[in-house]
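The values are calculated or read from the model by the stated rules, or taken from the named source; none is laboratory data. From a predicted model like this one, the values you see are computed outputs, not experimental measurements. With ideal geometry, Cβ positions are generated from the backbone for all residues, glycine too; neighbour counts draw on all protein chains shown. Surface areas here come from the heavy atoms of the whole protein model, side chains and all, with no ligands, DNA or RNA. Shrake-Rupley method; radii C 1.70, N 1.55, O 1.52, S 1.80 Å.
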Amino acid sequence: MTTKDSMELWVKEIYQETFNLGFKIDRTLFSGKSRFQQIDVVKTKSHGVMLLNDGSIMLSERDEFIYHEMIAHVPLFVHPSPERVLVIGGGDGGTVREVLKHPKVKRVVMVEIDDMVIQACRIHLPAVSCALDDERLEIRIQDGIKYITEAGEKFDLVIVDSTDPIGPAVPLFDKPFYKGISAALDSDGILITQAGSTFYDGETQHAMLMNQRPFFKNLHLYLYSNLTYPGGLWSFGFASKGLCPIQDFDGRRVESSGIVTSYYNPGVHRSAFSLPNFVAENLASVIDPILV
Ligand code: SAM
């Protein structure tokens, strides 16, 4: 939501009805209501352009590279031959921008439910949406659940770049969706999921991983820091049919790739899977140990 404080305009993300995170707004660039959600793009005083869906911060220009590099490069440097990638959500284009940096990737399908997100980001966030016209990318405006149920295409990697489990994203955290993704993944397949805050979303993380458990051999959580999501230390789920994010990772591949990143590197990759005790204890019954 945006609010006026003594004639100043602020983004005020109220999180779990208990606290808020604020950013001072310079001006509003876009405001629209789609069939699915309220979409706002604002220019902040400190974090560049910011995208909000239903008042929740999706990204800021200043730190989006952290989220998008970590959601994409971690699995792409673990999978030995990632050619076919499915992105569910991710309409701002940041995830596909990073995925398409990998020359091995031959085909990407991005299934975003809300065309208004894509159009707003094309205009107001060009540095994020810059790869949306890549010829390897097919964009489908469709519900990710419907796509997974009907598509019948196989992928090496599925990335669920969704909002938190609210509105149309709720079923993206449920068992039938993960069952469908497992069927769509080839034998070395990896699934990456947006897994929320380590501090505030422990229950959601546990429930999400429990719902994935029946369909994947290896389940892990990995961490990244960011400036615009409440609590700062956030996470992704890493689910695979067998690949281990550490044993099957060779940092030399990153170095020889020539791919330019601002956050991700081999050391960050490895350390992201080291969980603080409170996170590891909460998830002990659902995640797998990493044997090194
Ligand atoms: N990094 C972001 C975050 O966690 O705040 C996520 C960004 S991305 C903009 C999330 C996208 O998922 C939104 O554009 C939303 O429209 C899309 N989405 C939500 N539910 C979906 C569904 N069922 N199928 C496809 N896309 C969905």
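Details
- Degrees between helix 64-76 axis and first principal axis of the chain (Cα, 0 to 90, nearest 10): 10 degrees
- Dividing the convex hull volume of the alpha carbon atoms of the stretch 129-288 by its residue count gives 141 Å³ per residue.
- Expressed as a whole percent, the accessible area of the chain that falls on carbon and sulfur atoms is 52 (1.4 Å probe).
- Average projection area in nm² (convex hull over Cα atoms of the stretch 205-255, one quarter of hull surface): 4.8 nm²
- Set of lysines with alpha-carbon distance to LYS43 below 21 Å, sequence-local pairs under 8 removed: LYS4, LYS12, LYS24, LYS33
- Kirkwood-type radius of the stretch 60-107, with distances r between different C-alpha atoms, in Å: 11.1 Å
- Cα pair distances in the stretch 88-222, grouped into 5 Å bins until the bin that holds the longest one, percent each: 2, 10, 19, 23, 20, 16, 8, 2, 0
- Only Lys, Arg (+1) and Asp, Glu (-1) charged, at Cβ; the chain dipole about Cα centre in debye: 280 debye
- Here the gap between GLN38 and ILE14, fully extended at 0.36 nm per residue and compared with their Cα-Cα distance, gives a gain of 7.1 nm.
- Other residues lying with their Cβ under 14 Å from the Cβ of VAL254 contribute a combined charge of 0, Lys and Arg counting +1, Asp and Glu -1.
- Reachable aspartates and glutamates, given that their alpha-carbon falls under 17 Å from the alpha-carbon of LYS106 and they are not under 8 places away in the same chain: GLU83, GLU98, ASP133, ASP134, GLU135, GLU138, GLU153, ASP156, ASP186, ASP188
- Using the Cβ-Cβ distance between THR149 and LEU233 with R0 = 30 Å, the FRET efficiency computed as 1/(1 + (r/R0)^6) comes to roughly 0.30.
- For GLN194, net neighbour charge (Lys/Arg +1, Asp/Glu -1) across residues whose Cβ lies under 12 Å away: -3
- Positive-end residue, the stretch 248-292 charge dipole about Cα centroid, Cβ charges, pick of PHE273, LEU283, VAL260: VAL260
- Between ARG253 and ASP288, the contour length at 0.36 nm per residue exceeds the Cα-Cα span by 10.1 nm.
- Spin-label proximity, ALA127 to the stretch 142-168 - amide N less than 12 Å from point 7 Å beyond Cα toward beta carbon: none
- Within straight-line cross-link reach of LYS104, lysines at Cα separation under 18 Å, skipping those fewer than 8 residues along the same chain: LYS154
- Database remark: amide H of ALA195 closer than 5 angstrom to the amide H of SER235, PHE236, GLY237 (H placed geometrically; neighbours at sequence offset of 5 or more, or on other chains; Pro and chain starts carry no H).
- Projecting the Cα atoms of GLY32, MET58, HIS73 onto the dipole axis of the stretch 27-85, where Lys and Arg carry +1 and Asp and Glu carry -1 at the beta carbon, places GLY32 farthest toward the positive end.
- Per residue, in Å², the accessible surface of the chain once ligands and nucleic acids are set aside, probe 1.4 Å: 42 Å²
- Rounded accessible area of SER271 (nearest 10 Å², 1.4 Å probe): 70 Å²
- Principal axes of the chain: Cα extent on each, largest first, Å: 55, 44, 38
- A Stokes-Einstein calculation at 37 °C with viscosity 0.692 mPa s, built on the Kirkwood radius of the stretch 193-233 over Cα pairs, returns a diffusion coefficient of 295 µm²/s.
- Assuming charge only on the beta carbon of Lys and Arg (+1) and of Asp and Glu (-1), the dipole of the stretch 207-292 about its Cα centre is about 160 debye to the nearest 20.
- The dipole here belongs to the stretch 67-118: it is taken about the Cα centre, uses +1 on the Cβ of Lys and Arg and -1 on the Cβ of Asp and Glu, and is about 380 debye.
- Per-residue extension of 0.36 nm, minus the Cα-Cα distance of ARG62 and LYS241, leaves a gain of 61.0 nm for this segment.
- Listed residues SER187, SER56 arranged by accessible area, highest first, probe 1.4 Å: SER187, SER56
- By definition, a body whose alpha carbon gyration tensor gives a ≥ b ≥ c is prolate when a/c is 1.5 or more and a/b is larger than b/c, and the stretch 69-141 fits this prolate description.
- FRET efficiency, 1/(1 + (r/R0)^6) with R0 41 Å, evaluated for ASP26 and SER271 via beta carbons: 0.70
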